[in-house]
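First comes the structure, then the notes that go with it.
The values are calculated or read from the model by the stated rules, or taken from the named source; none is laboratory data. Note that the coordinates shown come from a computational prediction; the quantities given were computed from them, not determined experimentally. Using ideal geometry, Cβ is built from the backbone for each residue, glycine included, and neighbour counts are taken over all protein chains shown.
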Amino acid sequence: MPIRQHYQHQHADGTLVEGVRVGRLNGGVTSNFIVYRIGSVLVDCGPSNQWRHVKSFLESGPSIEQLWLTHHHEDHSGNASRVGRKYGLVPKAPIQAQQKLARGFRIPAIQQLTWGKPQRVITEPLAEKEYLANGDEAIAIHTPGHAKDLTCFYLPKQRWFFSGDLYLARALKYMRSDENLMELMLSLKKVLTLDIEVVFCPHRGIDEAGKAGMQDKLNYLIELCKNAQRNQAQGLSLAENTFQILGKPEMMDKVSRGNFSKANLIRQALSVDLQSIG
């Protein structure tokens, strides 16, 4: 069943964020997506197979003057080309994402089914600081781990944080084969130094306890790594280690053919240098 849910959050200074959740499937937060708009600025643009609903949301508010992409993944960038043509703008993306967005990239079948396939798009590189229409700044913060190009946006005046796919959940059970857990944990550690009041996650929603949630996520991952590394030292195989910590494989492991699996998470946990995390 498709998802259509609207969001709104206003700061005391009058700055307003609006959002709409769209999705082809209703299989949990990671199977649908929230497009956020801060006045004339769009943060990510949703999957290509939801363009009709994203377009309707955009037309209900101020004309879009800027599109900031957090990373290249198809649920975040899928409508970038369409938004660019409709509003006569060039989307902005992390420099690490530009080549993939311009040339196209391989998408596993299960992800194409869920999100569709994005059109190729030429982008401009994000600056270290971007600005809202009223001049308020947004700091672009590189937060690799989930993806090499993942970049989040921090608005210091409002104490708002647009988290891309850095947050998602307080406890992970799965990891993509191309993710890097060590980098993800270091990114969480970096972000937790910021003075954040509200987190805008494109999957979870608007979370006023999001900073505490990200701290919980980091703590959880540290304990998971400790347990996985202790189990390995005691002679457990990867399969035994995974089963003991996360339980038996589930449907997602099979449907994604191992691209998104519990074993990937434990495999990554075994290589994390916990002394570097602190």
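Identify, from the list Ile196, Ile266, the residue that is modelled with pLDDT of 95 or more and farther than 29 Å from His6 by Cα.
Numbers: Ile196 fails: farther than 29 Å from His6 by Cα.
Going through Ile196, Ile266 in turn, just one is modelled with pLDDT of 95 or more and farther than 29 Å from His6 by Cα: Ile266.
Hey, can you tell me all the residues within the range 1-26 that are polar (S, T, N, Q), part of a strand (DSSP E or B) and at pLDDT below 95? If you could, list the steps in order and put the result at the bottom.
As a first pass, look at the range 1-26 and keep what is polar (S, T, N, Q): 5, 8, 10, 15, 26.
Narrowing the set further to residues that are part of a strand (DSSP E or B) leaves 5, 8, 10.
Result: Gln5, single match.
Select from the range 151-168 the residues that are of a type in the set (A, V, I, L, M) and at pLDDT 95 or above and list them in ascending order.
If the condition is that a residue be of a type in the set (A, V, I, L, M) and at pLDDT 95 or above, then Leu155, Leu166 are the ones that fit.
Yes or no: the range 53-68 includes at least one residue that is assigned to a loop (DSSP other than H, G, I, E, B) and buried (at least 24 other Cβ atoms within 10 Å of the Cβ).
The answer is no, given that none of the residues of the range 53-68 is assigned to a loop (DSSP other than H, G, I, E, B) and buried (at least 24 other Cβ atoms within 10 Å of the Cβ).
List the strands (runs of 3 or more DSSP E) that sit entirely inside the range 139-231 and contain at least 1 residues that are of a type in the set (Ser, Thr, Tyr).
In the range 139-231, the matching strands (runs of 3 or more DSSP E) lie at 151-155.
Going by what's in this entry, would Leu16 be described as surrounded by fewer than 16 Cβ atoms within 10 Å (Cβ to Cβ), aliphatic (A, V, I, L, M) and farther than 21 Å from Ser163 by Cβ?
no
Given (1) surrounded by 14 or more Cβ atoms within 10 Å (Cβ to Cβ); (2) over 16 Å from the mean Cα position of the chain (by Cα), where does His142 come up short, assuming only one miss?
The number of the failed condition is (2).
Of the residues Lys117, Lys157, Lys173, which is farther than 27 Å from Trp51 by Cα, touching a helix residue (DSSP H, G or I) at 6+ places or on another chain (Cβ under 8 Å) and touching a residue at least 60 places away in the same chain (Cβ under 8 Å)?
Values: Lys117 fails: farther than 27 Å from Trp51 by Cα; Lys157 fails: touching a helix residue (DSSP H, G or I) at 6+ places or on another chain (Cβ under 8 Å).
Result: Lys173 is the single residue among Lys117, Lys157, Lys173 that is farther than 27 Å from Trp51 by Cα, touching a helix residue (DSSP H, G or I) at 6+ places or on another chain (Cβ under 8 Å) and touching a residue at least 60 places away in the same chain (Cβ under 8 Å).
Look at Gly78 and say whether it is out of contact with any strand residue (DSSP E or B) (no Cβ under 7 Å at 6 or more places or on another chain) and under 16 Å from Tyr36 (Cα atoms).
Details: out of contact with any strand residue (DSSP E or B) (no Cβ under 7 Å at 6 or more places or on another chain): yes; under 16 Å from Tyr36 (Cα atoms): yes.
Considered against the rule, which asks whether it is out of contact with any strand residue (DSSP E or B) (no Cβ under 7 Å at 6 or more places or on another chain) and under 16 Å from Tyr36 (Cα atoms), Gly78 comes out as yes.
Would you be able to say whether some residue in the range 213-234 is of a type in the set (Gly, Ala, Ser), over 17 Å from Ile245 (Cβ atoms), at pLDDT 95 or above and out of contact with any Leu (no Cβ under 6 Å at 6 or more places or on another chain)?
Yes - at least one qualifying residue is present in the range 213-234.
For the range 72-80, does any single residue satisfy the condition of being closer than 25 Å to Ser261 by Cβ, in a loop (DSSP other than H, G, I, E, B), of a type in the set (Ser, Thr, Tyr) and under 20 Å from the mean Cα position of the chain (by Cα)?
No, the range 72-80 contains no residue that is closer than 25 Å to Ser261 by Cβ, in a loop (DSSP other than H, G, I, E, B), of a type in the set (Ser, Thr, Tyr) and under 20 Å from the mean Cα position of the chain (by Cα).
Condition first: within 17 Å of the chain's Cα centre (by Cα), over 25 Å from Glu183 (Cα atoms) and buried (at least 17 other Cβ atoms within 10 Å of the Cβ). Can you find one or more residues in the range 100-114 that meet it?
yes
Looking only at the range 91-120, count how many residues are modelled with pLDDT of 95 or more, under 21 Å from Ile34 (Cα atoms) and in a loop (DSSP other than H, G, I, E, B).
Of the residues in the range 91-120, 2 are modelled with pLDDT of 95 or more, under 21 Å from Ile34 (Cα atoms) and in a loop (DSSP other than H, G, I, E, B).
What single numbered condition from (1) surrounded by 16 or more Cβ atoms within 10 Å (Cβ to Cβ); (2) closer than 16 Å to Tyr174 by Cα fails to hold for Ile206?
Among (1) surrounded by 16 or more Cβ atoms within 10 Å (Cβ to Cβ); (2) closer than 16 Å to Tyr174 by Cα, the lone unmet condition for Ile206 is (2).
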